[in-house]
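Colleague: First, the structure itself, so that you have it in front of you.
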Amino acid sequence: MDKQKIKSKKAIIPLVCIGVLAAGLVLIFAWSAGLLGNRTTTASFLKDIPNSFPAGYRRAHSKGICFEGTFRSTGKLAPFSKATVFSQDSSAVLGRFSIGTVDPFAADNSTRTVSMAMMISSENNQQWRMKLNNHPFFVTHDALGVIRRSDAYKIDSTTGKPNPALVSAFLKDYPEAQNFIDWADKAPWVNSFAVAEYNVINAFYLIDSKGNKHAVRWSMRPHAPFSAWSKEEREHASHDFLFDDLKQRLDKGALYWDLVMTFAEPGDEIENPSKAWPANRRQIVAGVLEIKRVFDQTEGGCRDINFDPTKVPAGIEVSKDPVLTARAGIYAHSYNARVREIGYGKATDAIGKKETSKDK
Amino acid sequence: MSQQKNLKSGSRIREWFKSVKIFKLRRRHINRSLPLNFNLTGRILHWLMATLILSTMFIGLGMMTSLSSRPWLIDLHIPIGVAILFLCILRFVNRIMNPIPALPSDMPKIEKKMAHFMHWVMYAFMFALPITGWGQLSAGGFQAKLSQNIILPSLIDQNPVLYAWLHDIHRGLAWSLFFIVVGHLSIALLHALVMKDGIFSSMTWGKDKIKKETKRPSA
């Protein structure tokens with residue numbers, strides 16, 4: 001009887017409707033997953049990572065070292081944010097220094113970018129994760145610019161150089177990138193992790209006890225005096241110069257950075273990370289980071305932490321800065337990829353296992 | 001495997017309830033006649049959970065792809081997942097304590113078996129998805145946050161091996177459940193629009209007659 005009902009002519013319209021509905025749902029699902037159309041998703045940012053990437057390593061800033069430290073609050077930021085980290089005396093910190101390259105075996109003189117990442121754990125189970133770089137602003141005003149830039153600067157196999165037409169097309173769409181190119185040309189390199197100032201670059205909001213929002217960016221300002229790394233010194237530097245230097249400095253004593261909070265004023269562009277705010281903005285030292293010990297990332301620790309900068313404690317909120325929101329998804333994909341490799345036993349060097357056989 | 005286990009534990013729990021005196025009165029009522037609809041609690045839970053499950057699956061896809069919305073999408077995904085876990089347990093208890101409508105007597109036996117089997121498979125998915133989601137957060141060193149200040153305890157310690165497994169299982173289950181839901185919806189609409197046999201209205205407020213069975217369904 002049931003079968004006859006389905007085969008009858010009256011059933012055609014409902015059957016078609018049901019089919020269209022089911023197919024529609026599947027199509028919307030596929031589109032949402034990024035499988036249909038050429039939607040740029042956060043996964044698109046990892047498309048250029050080679051399949052031969054050493055298993056278990058971060059997909060960017062792969063070469064790094066873990067650190068343990070303490071954040072001591074000055075209490076001066078408590079009126080602007082109810083985050084417990086600003087009111088309590090000290091909080092535990094687990095972090096990571098890295099250089100700005102995808103190759104985990106790169107020489108330290110191969111990039112001018114140095115980074116600090118950390119997770120500060122404070123009372124009420126609050127975590128504050130961040131990832132900071134030594135450049136003062138981002139290359140482009142949005143995240144798509146990152147893909148456009150890496151596509152534009154891809155080495156043309158016939159000329160051995162990037163295609164100038166693609167580069168100028170990119171600079172036309174992202175004129176602000178010129179500021180970054182100039183900075184990278186002129187600003188001195190740092191000759192130590194200890195002397196670099198690390199900037200969060202993206203904007204956040206501090207939320208005070210009355211619920212008021214204050215737009216801020218922050219940086220970690222070193223107590224150690226700045227010292228540049230000249231071209232000549234770099235050329236003769238050992239392979240792990242920066243990491244060796246860090247260990248040697250810590251053998252002699254702890255290293256310190258001030259967490260300097262900078263407040264935006266009306267008219268400052270909150271959601272444009274390519275534009276630094278004017279230098280005369282109000283600054284408050286929120287606290288001091290003390291680092292006493294570094295340890296190899298193969299031991300775990302920082303290796304298994306995703307320093308997703310959108311994981312902020314109560315009392316801090318993320319802004320709509322498009323580079324910040326995109327970083328959340330991109331970091332998640334990088335994290336999933338490398339932790340899967342470690343979890344499924346594919347990682348060797350990344351977890352301190354010596355490769356037993358060279359498979360080539 | 002898990003659904004079989006569920007089935008067994010389901011009937012075992014039902015037996016236990018039957019043995020408890022205070023439920024006896026209720027049981028006599030159960031045996032008298034089978035209802036045309038699932039009970040009100042069951043129907044509310046069904047439609048509420050259907051909405052939550054379908055939305056949180058799309059939220060899940062959104063947070064894994066969107067350039068702009070991941071922070072607030074994940075802040076929604078986690079509390080919805082926890083709500084589904086809580087409601088799923090509630091629904092399970094409601095399901096085993098109350099009679100359900102019989103399937104039409106002229107429905108082929110194999111179809112009835114399939115219907116009951118899928119019924120429990122979906123319960124297993126509704127339970128396993130939030131658990132693996134919560135587990136993967138814990139194994140990855142993340143927090144299961146219901147709000148900025150309400151943070152659930154970790155289910156397990158941070159562990160890359162468990163993170164890898166739980167992350168993949170969570171994703172695999174979610175994709176499977178989506179296709180199960182599409183199938184479930186299509187078959188439900190087939191009963192509503194073509195067969196008109198009372199199966200669809202047993203989950204709504206309609207009173208379509210189901211051709212009565214003499215025996216209670218086994219599951």
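Colleague: Out of curiosity, is residue A:292 in contact (Cβ under 8 Å) with a residue 12 or more places away in the chain, part of a strand (DSSP E or B) and surrounded by fewer than 19 Cβ atoms within 10 Å (Cβ to Cβ)?
Modeller: The answer is yes for residue A:292.
For (1) assigned to a helix (DSSP H, G or I); (2) surrounded by fewer than 16 Cβ atoms within 10 Å (Cβ to Cβ); (3) among the β-branched types (Val, Ile, Thr), each residue gets a yes or a no:
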residue: B:130; (1), (2), (3): yes, no, no
residue: B:134; (1), (2), (3): yes, no, no
residue: B:138; (1), (2), (3): yes, no, no
residue: B:148; (1), (2), (3): no, no, no
residue: B:156; (1), (2), (3): no, yes, yes
residue: B:163; (1), (2), (3): yes, no, no
residue: B:169; (1), (2), (3): yes, no, yes
residue: B:172; (1), (2), (3): yes, yes, no
residue: B:176; (1), (2), (3): yes, yes, no
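Colleague: Here is a further query. Among (1) buried (at least 17 other Cβ atoms within 10 Å of the Cβ); (2) away from chain B (no Cβ under 14 Å); (3) aliphatic (A, V, I, L, M), where does residue A:316 come up short?
Modeller: Condition not satisfied by residue A:316: (2).
Colleague: Take the conditions in contact (Cβ under 8 Å) with a residue 12 or more places away in the chain, farther than 27 Å from residue B:164 by Cβ and among the small types (Gly, Ala, Ser) and apply them to residue B:115. Does it pass?
Modeller: yes
Colleague: Residues to consider are A:192, A:230, A:238; find the one that is crowded, with 17+ Cβ neighbours inside 10 Å, more than 18 Å from the chain's Cα centre (by Cα) and under 29 Å from residue A:107 (Cβ atoms).
Modeller: Residue meeting the stated conditions: A:192.
Colleague: Pairs only if they're at least six apart or on different chains, beta carbon under 6 angstrom, first in the range B:45-62 and free of Cβ contacts under 8 Å to residues at least 24 places away in the same chain, second of a type outside the set (A, V, I, L, M) and in a helix (DSSP H, G or I); list them, first residue then second.
Modeller: B:58/A:32; B:59/B:77; B:61/A:32
Colleague: Another question about this same structure. Return only the number of the condition from (1) assigned to a helix (DSSP H, G or I); (2) within 8 Å of chain B (Cβ to nearest Cβ); (3) not charged (D, E, K, R) that residue A:306 does not satisfy.
Modeller: (1)
Colleague: A further question follows. Looking at the range A:22-40, which of the residues that are more than 7 Å from chain B (Cβ to nearest Cβ) and outside any loop (DSSP other than H, G, I, E, B) is nearest to residue A:144 (Cα to Cα)?
Modeller: A:31
Colleague: Give the number of residues within the range A:139-168 that are of a type in the set (Asp, Glu) and either touching a Ser or Thr at 6+ places or on another chain (Cβ under 8 Å) or within 14 Å of chain B (Cβ to nearest Cβ) (or both).
Modeller: 1
Colleague: Condition test on residue B:102, is it among the small types (Gly, Ala, Ser), in contact (Cβ under 8 Å) with a residue 40 or more places away in the chain, in a loop (DSSP other than H, G, I, E, B) and surrounded by 17 or more Cβ atoms within 10 Å (Cβ to Cβ)?
Modeller: yes
Colleague: Of all residues being charged (D, E, K, R) and under 40 Å from the mean Cα position of the chain (by Cα) in the range A:3-47, which is modelled with the lowest pLDDT? Just the residue, please.
Modeller: Applying the filter and picking the extreme gives A:47.
Colleague: Then there is this: Being closer than 22 Å to residue B:132 by Cβ and touching a Pro at 6+ places or on another chain (Cβ under 9 Å) is the filter here; which residues of the range B:81-111 pass it?
Modeller: The answer is B:81, B:82, B:83, B:84, B:85, B:86, B:88.
Colleague: Quick one: would you say residue B:60 is within 17 Å of the chain's Cα centre (by Cα), under 20 Å from residue B:165 (Cα atoms) and within 14 Å of chain A (Cβ to nearest Cβ)?
Modeller: no
Colleague: Looking at B:45, B:61, which is the one that is farther than 30 Å from residue A:45 by Cβ and surrounded by 18 or more Cβ atoms within 10 Å (Cβ to Cβ)?
Modeller: B:45
Colleague: Further question: Which condition number does residue A:139 fail, the rest of (1) β-branched (Val, Ile, Thr); (2) more than 16 Å from the chain's Cα centre (by Cα); (3) crowded, with 19+ Cβ neighbours inside 10 Å being met?
Modeller: (2)
Colleague: Tell me, yes or no, whether the range A:150-161 has at least one residue that is more than 29 Å from residue A:248 (Cβ to Cβ), outside the structural domain of residue A:81 (by TED's automatic domain parsing) and touching a residue at least 40 places away in the same chain (Cβ under 8 Å).
Modeller: Yes: the range A:150-161 contains one or more residues that are more than 29 Å from residue A:248 (Cβ to Cβ), outside the structural domain of residue A:81 (by TED's automatic domain parsing) and touching a residue at least 40 places away in the same chain (Cβ under 8 Å).
Colleague: Which of (1) at pLDDT below 95; (2) within 14 Å of chain B (Cβ to nearest Cβ) is the odd one out, the single condition residue A:322 does not satisfy?
Modeller: Only one criterion in (1) at pLDDT below 95; (2) within 14 Å of chain B (Cβ to nearest Cβ) is unmet by residue A:322, namely (1).
Colleague: Something else now. When you look at residue B:131, is it within 18 Å of the chain's Cα centre (by Cα) and β-branched (Val, Ile, Thr), yes or no?
Modeller: In short, yes.
Residue by residue, here is whether (1) over 26 Å from residue A:314 (Cα atoms); (2) within 12 Å of chain B (Cβ to nearest Cβ) holds:
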{"site": "A:12", "(1), (2)": "yes, yes"}
{"site": "A:15", "(1), (2)": "yes, yes"}
{"site": "A:18", "(1), (2)": "yes, yes"}
{"site": "A:47", "(1), (2)": "yes, no"}
{"site": "A:58", "(1), (2)": "yes, no"}
{"site": "A:62", "(1), (2)": "yes, no"}
{"site": "A:80", "(1), (2)": "no, no"}
{"site": "A:95", "(1), (2)": "no, no"}
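Colleague: Suppose we filter the range B:178-204 for residues that are under 30 Å from residue A:335 (Cβ atoms), touching a residue at least 40 places away in the same chain (Cβ under 8 Å) and within 11 Å of chain A (Cβ to nearest Cβ); how many remain?
Modeller: 2
Colleague: Quick check on the range A:336-347: of everything there that is within 7 Å of another protein chain (Cβ to nearest Cβ) and touching a residue at least 24 places away in the same chain (Cβ under 8 Å), which residue is nearest to residue B:65 (Cα to Cα)?
Modeller: A:339
The values are calculated or read from the model by the stated rules, or taken from the named source; none is laboratory data. These figures come from a predicted structure and were not determined experimentally. Glycine gets a Cβ as well: all are built from the backbone with ideal geometry, and neighbour counts include every protein chain shown.
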